[in-house]
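In what follows, a single structure is set out as structure tokens and then discussed.
Just so it is clear, none of the values below were taken in a lab; they were calculated from the coordinates. Just so it is clear, the structure is predicted and the values come from calculations on it, not from any experiment. All Cβ positions, even for glycine, are placed from backbone atoms using ideal geometry, and neighbour counts span all protein chains on display.
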Amino acid sequence: MKDVNMRQLYLYFAWIVSVVATLGSLYFSQIRGFIPCELCWYQRILMYPLALILGIGTFQNDSSVKKFVLPMAIIGWCISFYHYLVQKVPAFSEIKPCVSGVPCSAQYINWYGFITIPFLALSAFSIIIVVMILLKSTNQEDK
């Protein structure tokens, strides 16, 4: 019974993180008017469905969604990490992943000298990955 409650809590927490990340992304682009670069779009493509998939998994108490969520979150994490490096490490900014529109090295926000939009996405993907791993270990203990 305790593990069932923990699984539900893990799913709910991951869903909340994905919803906050999705709403934050929409806030930055639709309200603040920040135009997303190419790497931002890839991160969005991976985060937005997570809000839907995790929402369905949470409300159906179906922890099997981890098999879809974990790969998407890992790919999103890799893109976010690379994007953060492009913004913060001069050697990476010389690589031009964005060929049109807003450059990927642009920093619309830079809170405390290190928190940028890709850092926020990286944090969200990291939390989701950790929660999915915890969810997986909880499921294995039940078997």
Checklist entry - If you check every pair at least six apart or on different chains, which have Cβ atoms under 8 Å apart with a residue in the stretch 11-31 that is without any contact (Cβ under 8 Å) to a residue 12 or more places away in the chain and among the small types (Gly, Ala, Ser) first and a residue that is crowded, with 17+ Cβ neighbours inside 10 Å and outside any helix (DSSP H, G or I) second? => result Ser29/Pro36
Checklist outcome for this item: Cβ pairs under 6 Å, 6+ apart or interchain, first in the stretch 57-71 and under 16 Å from Ile16 (Cα atoms), second in a helix (DSSP H, G or I) and among the small types (Gly, Ala, Ser), ordered by first then second residue, are Val65/Gly57
Checklist entry - Restricting attention to the stretch 20-37, which residues are surrounded by 16 or more Cβ atoms within 10 Å (Cβ to Cβ) and part of a helix (DSSP H, G or I)? => result Ala21, Thr22, Ser25, Phe28, Ser29
Checklist entry - For Tyr48, are the conditions met, namely being under 12 Å from the mean Cα position of the chain (by Cα), among the aromatic types (Phe, Trp, Tyr), part of a helix (DSSP H, G or I) and on the phi < 0 side of the Ramachandran plot? => result yes
